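Peer 1: There's a structure below that I have some questions on.
The values are calculated or read from the model by the stated rules, or taken from the named source; none is laboratory data. Model, not experiment: these values are computed from the prediction. Positions of Cβ are backbone-derived with ideal geometry, glycine not excepted, and every protein chain shown enters the neighbour counts. Heavy atoms of the whole protein, side chains included, go into the accessibility calculation; ligands, DNA and RNA do not. Shrake-Rupley method; radii C 1.70, N 1.55, O 1.52, S 1.80 Å.
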Amino acid sequence: MEAGPSSLKRLKLGKLKVVRRSLLQRYEHQPFISCLAGFYSCRWKRYQREKTEPGKCCCNMVSEIKVSRDFCTGAGRYNYGNLGFWFLWSLVILIVAAVLFAYISLLLVLAMCLLAEGQQLYLHWSHKLLKLAVIEMNGIPYAEMLKLIYVFFVSAQIGTFLVLGFSIASLFALSILWRDHRKTVRLSFQVTAPYLHIGAIAIMVFLAWPVALHAIRADKKVTQVIIVGPYLAILLFLFLIPLGMYSPCIREMGTLGPKPALIGHRGAPMLAPENTEMSFLKTIEHGGDGLETDVTISYDGVPFLMHDDTLRRTTNIEENKPFVGMGSLSKADRNQAKNQSIYTLNSFLRLADSHNKLVIFDLYRPPEKHPYRNLWLRKVLDVILKESKIKRHLVLWLHNSVRSFVQSVAPGFQHTMGRKAPIEDLLKHNIVKLNLVYTDMSSEDIRKYAEANITTNFYVVNEPWLYSLAWCSGAHSVTTNAVHLLKDLNQPLFLMTPQQYNTMWILTDLTAAFLISLIFALHWWREKNFSCCAQDSNPMIESGGTYNKFKTELSDMPAVLA
């Protein structure tokens, strides 16, 4: 009588050991799962191994999805007029948004890893704003679909809302102040699209693991279609998207035009105080082809170089850097910078003429009650034609108000327009060059104007990728703060032939298709073997029992095995 219970106990323990060896294979990575759960939910003690039902995604768990996007270029310019120094508040916004996005992304990756192992998610209280539970929808045919939607689109953590609100607010502010720079994203896609395609395919390969896991574990065909269908649709779209992709840097050998000329924007403001003799000499020293500046009139009638309405930003090199991108100056350059004075238009033109450099400048009309309010253009022309005596073909005349008068008194200037216009109108006014902001860059327009012998210059182009895009698009020149950097670029970045791109595209798609198929096959093989072992290795399950019933009976086993 006493041996019976003891034998039964030993029999049960023996069977438990068999089950532990052959059925609970997913617990082999328990330290990994415990680490994930610790970071995600701060459960650093022995992790409770609670699993989801096959094909289900824990309707009471929370997940997070956040797409953070923010970019800013030169927003500090908005402040120096009032503050007198550069304060990169847009950079602060970017850094804070990046930190919050990294926080959200980390939790998302941890959640995806836990889901891939079939574990429930228990988000720590410090991450939560509120916890939303989905009511169990037994008996509803599309319950599985609703649960899946809730899992991936119900956000219930404070970080998500913080990042979302912060990003929306920052984007709203920057979009108002820097609406033109939004076009930069479109331009960046033109040169990086081939590589973004590879990145998107790599992400889809990574997502194949959890998609395959949950699809194969799903009990119903409808659930499997809901999981796999959208994934395959997106994957097919990414496989074929290169068919409609355009990049000016994908071109046949020998079709690339000459390198665009470099015009120093107020000289070389990254190397010296802007609009000073030192700054223009730095541009010439680094091989710049032209000089750009801004001209205004003093109260005693002297045209001089100044961009701002006040002297506060650019004349106090002792206390601040007048240009946000200026690097650390050497001791010799620092001493030279301290000795710079406000540059007159006459001195500027004489310097350019002596080095045979093109000049282009914006003219600022004096304010009301200024003694030269109505004579400022005459003063500027007197300096150009009578005092400096610069070669006229070196002057790119940009001002548009009295163009006919200027053409009559100063023939030989290269007349330049600051906006796009029909070719007929440009030829009518003898326009030979367009000076356009880089966001208006279009290879088609550049080609169209070039056919009419009208060249194009784009401003302000500082980044190598943007300069590469201008080069590939056929631009003739760019105005830049970074002559010293762009002069060393021997060919455009991202340049490749159509044959090279097609090879990269096809290899990427074939490799991704193979890896995704392998992942799905691996999950199918694992689940099939697990199911077979479950039915063959546990004699306590009746022949008519189901796999789900067996899983329910095993739910308390971790506590026994522990």
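Peer 1: Going through the stretch 393-410 one residue at a time, which ones are within 19 Å of residue 455 (Cα to Cα) and either in contact with a helix residue (DSSP H, G or I) (Cβ under 8 Å, 6 or more places away or on another chain) or of a type in the set (A, V, I, L, M) (or both)?
Peer 2: Residues satisfying the conditions are 394, 395, 396, 397, 398, 399.
Peer 1: When the residues of the stretch 373-402 are narrowed to those that are more than 26 Å from residue 459 (Cα to Cα) and in contact with an Asp or Glu (Cβ under 8 Å, 6 or more places away or on another chain), which ends up surrounded by the most Cβ atoms within 10 Å (Cβ to Cβ)?
Peer 2: 388
Peer 1: Which residues, taken from the stretch 263-309, are closer than 30 Å to residue 371 by Cα, modelled with pLDDT of 95 or more and of a type in the set (Asp, Glu)?
Peer 2: Within the stretch 263-309, 277, 292, 294 meet the criteria.
Peer 1: Another question, if that's okay. Given the conditions (1) in contact with a Phe, Trp or Tyr (Cβ under 6 Å, 6 or more places away or on another chain); (2) farther than 20 Å from residue 357 by Cβ; (3) not β-branched (Val, Ile, Thr), which single one is not true for residue 413?
Peer 2: (2)
Peer 1: When the residues of the stretch 470-500 are filtered to those that are of a type in the set (Ser, Thr, Tyr) and closer than 13 Å to residue 289 by Cα, which remaining residue is farthest from the chain's Cα centre (by Cα)?
Peer 2: 477
Peer 1: In the stretch 403-433, what residues are open to solvent by 20 Å² or more (accessible area, probe 1.4 Å), assigned to a helix (DSSP H, G or I) and either basic (Lys, Arg) or within 18 Å of residue 383 (Cα to Cα) (or both)?
Peer 2: 405, 407, 408, 409, 428, listed by residue number.
Residue-by-condition table, conditions (1) out of contact with any Gly (no Cβ under 7 Å at 6 or more places or on another chain); (2) assigned to a loop (DSSP other than H, G, I, E, B); (3) in contact (Cβ under 8 Å) with a residue 24 or more places away in the chain:
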| site | (1), (2), (3) |
| --- | --- |
| 361 | yes, no, yes |
| 365 | yes, yes, no |
| 372 | no, yes, yes |
| 386 | yes, no, no |
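Peer 1: Of everything in the stretch 454-510, what is among the β-branched types (Val, Ile, Thr), under 30 Å from residue 360 (Cα atoms) and touching a residue at least 60 places away in the same chain (Cβ under 8 Å)? Give them in sequence order.
Peer 2: Result: 460, 478, 479, 480, 483.
Peer 1: Take the stretch 380-405 and flag every residue that is closer than 13 Å to residue 303 by Cα and touching a strand residue (DSSP E or B) at 6+ places or on another chain (Cβ under 6 Å).
Peer 2: 380, 383
Peer 1: Does at least one position in the stretch 452-469 carry a residue that is of a type in the set (A, V, I, L, M), over 25 Å from residue 293 (Cβ atoms) and open to solvent by less than 60 Å² (accessible area, probe 1.4 Å)?
Peer 2: Yes, because at least one residue in the stretch 452-469 is of a type in the set (A, V, I, L, M), over 25 Å from residue 293 (Cβ atoms) and open to solvent by less than 60 Å² (accessible area, probe 1.4 Å).
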